[in-house]
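Participant: Here you go, one structure.
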Amino acid sequence: MSYSKTTTSKSNSAKANFAKVATKKKSLVKMSSKKDDSKKSSALKTAKSISSTQSLGQLPDKVLVQMLDLMIKSRVLEERLIKIYRAGESYFWIGGPGEEAWGVPIGILANKGQGVKHDFMHLHYRCTPTLIAMGMNMKDSIRLMMNRATDPSTGGRNFSNHYCIPEMNIAPVTSPIGVQYGIALGTAHAQKRAGAKAISIVTGGDAGTAEGDFASCLVWASRKNNELPILITVQNNYWGISTSYEGQHGETNIADRARGFNIRSRVVNGNDPVESYIALKEEMDYIRKTGKPSFIEAKVSRLYGHSSASGANLVQNEEDCLKSFSEKLLSKKIITEKEIKTIWTTYEEEALRATEEARCEGVPTSESIWDHVFASNENSNWRKF
C-alpha cells in the first residue's frame with residue numbers, strides 16, 4: 001500500500017515536472033516560430049517588391065499601357081454602375097472592382113469569336129474587366145444595370161454584370177453559384193470533338209468551390225485519355241458574401257484540390273497584372289498544345305464588398321491593384337501622371353454620356369417576357385403552343 005502511494009506520488013511529481021518542461025519548450029518553439037514567421041513575412045514582402053518591379057520588363061511597354069488603360073476603363077464603369085444604383089436608377093449592383101489585374105489579361109489573351117474554333121467564356125458576375133478587354137461597349141453594361149430593353153445581354157431582365165454575348169462566345173452569366181463549372185464541360189467537349197485549338201475558360205469565386213458543380217468539373221475534365229481543353233480558374237478574395245474563407249477551407253490553397261486529379265495547377269498574385277498575364281498565357285498555350293486541363297487560383301481583392309446588399313462601400317484595408325500598377329508604371333517612366341489622368345477623364349466622360357443616353361431608352365414590355373427563352377426565339381408562350 002505504501003509502495004503504491006510512493007510510486008503514485010513520484011509519478012505525479014514527474015508528470016508535473018514534465019508538464020513544466022513541455023510548456024517551456026512549447027513557449028520557446030512558439031516564440032521561435034513567431035520570429036521565423038516574421039522573417040519569412042519580411043523576406044516575402046522584399047521578394048514580392050523586387051519581383052513586382054522586375055516583372056515589368058517581361059512584357060512590352062505597349063502591353064503594360066494597354067492593360068492599365070483597360071483596367072481604368074473597367075474601374076470607371078464599375079464605379080459608374082454603383083453611382084447609378086445609389087441614385088435609385090437601378091435595383092441591385094454586384095461586380096468586380098479589385099479584380100482588374102486578373103480579368104483584363106484574360107480578355108486580352110482570349111481567342112475572341114463565335115463557334116467552337118474560338119474560346120468559350122464561362123464567367124461569373126465579377127467579369128466586367130474581362131469583357132471590357134474583349135471589347136464590350138460601356139453603354140451595353142449600363143443598359144443592363146438600368147434594366148433597359150436595349151440591353152443586348154438580357155433585354156433588361158437580369159442583374160448587373162450578368163452578360164450574354166453570343167458573338168464573343170460569352171455564355172450567360174448566372175446567379176446560381178458555381179453552375180458555370182459544369183456548363184463549361186459541354187463546350188470543352190464540343191471543341192475537343194471538333195479538333196480545334198480553342199479552349200473553354202471558366203471563372204468563379206472561392207465560395208463557389210463548395211458546390212458540386214466545381215467537383216464535377218475536376219472529375220470530368222481530367223479522365224484519363226479523355227481530358228478536356230479547359231482552363232479552370234478560381235478568384236480567391238477570401239470571402240463568400242459575409243463568410244470568411246478561413247472557416248470554410250481545410251486545404252492550404254484551392255489549387256491543391258486540382259492536383260488530386262492530376263490537373264496541372266498553380267497559384268498566382270491576381271493583383272499583379274504582369275504575373276497574371278504571363279501565367280494565363282503559359283497555361284492557355286499548354287492547353288492548346290496538349291488538349292489537357294489546367295487550373296489557376298488567383299488571389300485577388302474585393303474593393304467594394306460583396307454587392308449593393310452589403311453597401312458597396314470602399315474597403316480601406318484591401319490592396320488596390322490599379323493604384324499599385326499605376327505607381328509601378330510611373331516609377332519606370334512608362335507613362336506619365338498627365339497621361340493617366342487623361343485616361344481616367346476620357347472614360348468618366350464616356351460613362352456619363354452612356355448613362356444619360358440609356359436613361360432615355362425604354363424598359364422591357366410585358367409582352368417581351370416570352371422572348372429569348374428558347375434558341376432562335378422559338379415560341380415559348382405556353383398559351384400559344
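Just so you know, all these numbers are worked out from the coordinates, no wet-lab data involved. The structure displayed is predicted, hence computed values, not measured ones. Note that each Cβ is placed from the backbone with ideal geometry, even for glycine, and that neighbours are counted across all protein chains shown.
Participant: Can you give the net charge of the other residues whose Cβ lies under 15 Å from the Cβ of ALA255, counting K and R as +1 and D and E as -1?
Facilitator: Working: positive: ARG257, ARG259, ARG264, ARG266, LYS299; negative: ASP206, GLU251, ASP256, GLU275, GLU282, GLU283, GLU297.
After counting each charged neighbour, the total is -2.
Participant: Short version: ³J(HN,Hα) in whole Hz for each residue of segment 247-259, in order, from phi by Karplus 6.51 cos²θ - 1.76 cosθ + 1.60 (θ = phi - 60°), x for Gly and Pro, what are they?
Facilitator: Along segment 247-259, the couplings run x, 10, 10, x, 6, 5, 10, 4, 4, 4, 5, 5, 5 Hz.
Participant: Same structure, new question: Under 5 Å between amide hydrogens, which residues at least 5 positions from GLY115 or on another chain qualify, with H placed 1.01 Å from N in the peptide plane?
Facilitator: The answer is ASN169.
Participant: Could you work out the local net charge near MET146, counting Lys and Arg as +1, Asp and Glu as -1, over the other residues with Cβ closer than 15 Å to its Cβ? If you can, show how the numbers build up before the last one.
Facilitator: On the way: positive: ARG80, LYS83, ARG86, LYS139, ARG143, ARG148, ARG157, ARG353, ARG359; negative: GLU78, GLU89, ASP140, ASP151, GLU356, GLU357, GLU361.
Around MET146, the charge tally is +2.
Participant: Taking a ≥ b ≥ c as the square roots of the eigenvalues of the Cα gyration tensor of segment 237-385, is the shape rounded (a/c under 1.5), prolate (a/b larger than b/c) or oblate? Before the final figure, lay out each step's value.
Facilitator: On the way: a/c = 1.74, a/b = 1.18, b/c = 1.48.
Oblate shape, in that a/c is at least 1.5 and b/c is the bigger or equal ratio.
Participant: Then there's this: Need one number for segment 157-209: average projected area of the convex hull over its C-alpha atoms, nm².
Facilitator: 4.4 nm²
Participant: Just add up the charged neighbours of PHE214: K/R +1, D/E -1, any other residue whose Cβ is under 11 Å from the Cβ of PHE214.
Facilitator: Values: positive: ARG257; negative: ASP206, GLU211, ASP213.
Surrounding charge for PHE214 is -2.
Participant: Could you tell me which chymotrypsin sites (Phe, Trp or Tyr not before Pro) in segment 61-125 are loop residues by DSSP with no more than 16 other beta carbons within 10 angstrom of their beta carbon?
Facilitator: Values: sites: TYR85, TYR91, PHE92, TRP93, TRP102, PHE120, TYR125; in loops: TYR91, PHE92, TRP93, TYR125.
Answer by residue number: TYR91, PHE92.
Participant: Run the simple label-point estimate for VAL219 and LYS338 please: 7 Å along Cα→C-beta, distance reported in nm.
Facilitator: Distance between label points: 6.1 nm.
Participant: Could you tell me the center-to-center distance, by alpha carbons, between segment 94-139 and segment 146-197 in angstrom?
Facilitator: If you average the Cα positions of each part, the centres end up 11 Å apart.
Participant: Only one of the values (i) -0.35, -1.06; (ii) -0.39, -1.12; (iii) -0.34, -1.26 was calculated from this structure for log10 I(q)/I(0) by the Debye sum over Cα atoms at q = 0.07, 0.13 Å⁻¹; name its label.
Facilitator: Here log10 I(q)/I(0) by the Debye sum over Cα atoms at q = 0.07, 0.13 Å⁻¹ agrees with entry (ii).
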